[in-house]
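Some notes on the structure that comes next.
The values are calculated or read from the model by the stated rules, or taken from the named source; none is laboratory data. Here the structure is a predicted model, which is why all the values come from computation and not from measurement. Cβ placement follows ideal geometry from the backbone for every residue including glycine, while neighbour counts extend to all protein chains displayed. For the accessible areas, the whole protein counts, side chains as well, though only heavy atoms, and no ligand, DNA or RNA atoms are used. Shrake-Rupley method; radii C 1.70, N 1.55, O 1.52, S 1.80 Å.
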Amino acid sequence: MEKELVIVLDFGGQYNQLVARRVRECNVYCEIYSYKTDINKIKEMNPKGIILTGGPNSCYEEGAPTYSKELFEMGIPVLGLCYGAQLMQHVLGGKVEKAPVREYGKTDVHVNTSSVLFKDVSEDTVCWMSHFDYISKVAPGFDICATTADCPVAAAENKSQNLYAIQFHPEVLHTVEGTKMLSNFVYNVCGCSGDWRMDAFVENQIKAIREKVGDGKVLLALSGGVDSSVLAALLSRAIGKQLTCVFVDHGLLRKNEGDEVEQVFGNSGTFDLNFVRVNAQERYYKKLEGVTEPESKRKIIGEEFIRVFEEEAKKIGAVDFLAQGTIYPDVVESGLGGESAVIKSHHNVGGLPDYVDFKEIIEPLRDLFKDEVRKVGLELGLPEYLVFRQPFPGPGLGIRIIGDVTAEKVRIVQDADFIYREEVDKAAKEYKEEHGKEAPWMPNQYFAALTNMRSVGVMGDERTYDYAVALRAVKTIDFMTAESAEIPFAVLQTVMNRIINEVKGVNRVFYDLTSKPPGTIEFE
């Protein structure tokens, strides 16, 4: 699909994915590239605009990430953010030095609303600052268009050259009118029309999949998660019965989840595809017997998945394509996109079975962020409970059970988790009905885990010696950092009462207040 393109040049900033996501929210397609990308490659891509990200370095130090002056002389609009703003000024003849006062956090910024960047933005607005250095002198041809109490150049512009520098971060949600600023750049400076829409994406991908696959067979490992479910729906729409989905139920899913997946994708469901459900619960429990070390559990669960998938694929016979639910963050985090550190190796199936005879891997969702994947799911008619399902780790409840995994422990955590999610959802719904808006405390992810601790309790005048359940709930923008959600105490009390009364084997309930970092969202 020929589409307008804005590119993000990554200088190691932690918000690089957020920049691209915010641009796409303006219906403009955006991709992330390393600052080491050759200028000729950038010219070949013919972007409508270029955005330079933040980064941890000082642009005036020897060896700091930089770019040639030619980038700013191509006639393509450039927007520098934080480090990107400082680099622009440094390269073009301005001065950047250590700031006398470091700015970090929400900051009041005064903007010149006659600037095209700040059209329809309040004169005094709240923005997110994070910098040690500052622009002490703007480059020739630039005018200052925003200031703070401690930062004389919070933004600067060279209108005739379409060059803009912003010291703060418009991409983070803490910058109240940040999306408006980025929209002003892509529409009013770059002249984009906004042709990046999910309905057009679906139509174009269906056409592309049909052309690539022809009359071949496609195999997909369906986990029941958002990405693989949306991919299954998309492939089904494109090639129907040429697709076979293998759903391995390892017995470590949330309560009723296996049945829900089968209900949607099974032979009696609404999608035209071949569906194979493998109930491998007992096989997994046997493999995990006595294993307590988290990484060992992860490896066993992943390797056993491959073995089961391998056996089922052999029954199907030769396939031409293996489909994977790779999405854009997988590409970026594996070091294939920007300049940030490699966060994880890119793998979806967990390692490809050697025997499978396929021409190639197809990854129709690899250009999409998670929120865009969800939009595609709705466009394809997937039920909302599947599309907006909370993130769920590949090893499932295996890493939400501290210590060894048994069928009994799985039952406990499934039942406790079901009650917890049910009560939080109910309270959030009641809040919305009463106040007409989302509950401010509503977490992005919330689940119950089973600790390996047993303690004495009293139930019905009898002594008990049972397990403690831990409740986890976090608020986060990007899942890279997270804070514990402040769920109302009354809701937690209801959850505690129900779990202890309804879930056999539990006599104590904890609430985990740990942020990320230092903790992780999952327990193992």
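What the table below lists for this structure:
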item	result
Filtered residues of region 504-516 (kept if crowded, with 19+ Cβ neighbours inside 10 Å and under 11 Å from residue 416 (Cα atoms))	506, 509
Residue check, residue 278 surrounded by 17 or more Cβ atoms within 10 Å (Cβ to Cβ), at pLDDT below 95 and more than 28 Å from the chain's Cα centre (by Cα)	no
Test: residue 178 is closer than 30 Å to residue 163 by Cβ, modelled with pLDDT of 90 or more and open to solvent by less than 10 Å² (accessible area, probe 1.4 Å)	yes
Residues satisfying the stated conditions in region 182-205, i.e. in a helix (DSSP H, G or I) and at pLDDT 95 or above	182, 183, 184, 185, 186, 187, 188, 189
Complete set of residues in region 1-49 that are of a type in the set (Gly, Ala, Ser) and assigned to a loop (DSSP other than H, G, I, E, B)	12, 13
Subset of region 205-220 (residues that are aliphatic (A, V, I, L, M) and either crowded, with 18+ Cβ neighbours inside 10 Å or touching an Asp or Glu at 6+ places or on another chain (Cβ under 6 Å) (or both))	209, 213, 218, 219, 220
Filter result for residue 291 (touching a helix residue (DSSP H, G or I) at 6+ places or on another chain (Cβ under 7 Å), surrounded by fewer than 17 Cβ atoms within 10 Å (Cβ to Cβ), at pLDDT 90 or above and of a type in the set (A, V, I, L, M, F, W, C))	yes
Failed condition for residue 200, given (1) among the aliphatic types (A, V, I, L, M); (2) over 25 Å from the mean Cα position of the chain (by Cα); (3) farther than 30 Å from residue 313 by Cβ	(2)
Hey, residue 97 of a type outside the set (A, V, I, L, M, F, W, C), open to solvent by 10 Å² or more (accessible area, probe 1.4 Å) and touching a residue at least 12 places away in the same chain (Cβ under 8 Å) or not	yes
Meets criteria (outside any strand (DSSP E or B), out of contact with any Pro (no Cβ under 6 Å at 6 or more places or on another chain), in contact (Cβ under 8 Å) with a residue 40 or more places away in the chain and open to solvent by less than 60 Å² (accessible area, probe 1.4 Å)) for residue 79	no
Neighbours by Cβ (under 7 Å, 6+ apart or cross-chain): first from region 175-200, on the phi > 0 side of the Ramachandran plot; second of a type in the set (Val, Ile, Thr) and outside any helix (DSSP H, G or I)	194/28
Residues satisfying the stated conditions in region 480-503, i.e. open to solvent by less than 30 Å² (accessible area, probe 1.4 Å), within 15 Å of residue 425 (Cα to Cα), touching a residue at least 40 places away in the same chain (Cβ under 8 Å) and not in a loop (DSSP other than H, G, I, E, B)	491, 495
Scan of region 130-145 for residues that are surrounded by 19 or more Cβ atoms within 10 Å (Cβ to Cβ) and under 16 Å from residue 99 (Cβ atoms), ordered by number	130, 131, 133, 134, 135, 138
Verdict on residue 387 being hydrophobic (A, V, I, L, M, F, W, C) and within 28 Å of residue 325 (Cα to Cα)	yes
Failed condition for residue 57, given (1) crowded, with 20+ Cβ neighbours inside 10 Å; (2) in a loop (DSSP other than H, G, I, E, B); (3) of a type outside the set (A, V, I, L, M, F, W, C)	(1)
Residues satisfying the stated conditions in region 441-465, i.e. open to solvent by 10 Å² or more (accessible area, probe 1.4 Å) and touching a helix residue (DSSP H, G or I) at 6+ places or on another chain (Cβ under 6 Å)	442, 446
Matching residues, region 372-408, being charged (D, E, K, R), open to solvent by 10 Å² or more (accessible area, probe 1.4 Å) and more than 20 Å from the chain's Cα centre (by Cα)	404, 408
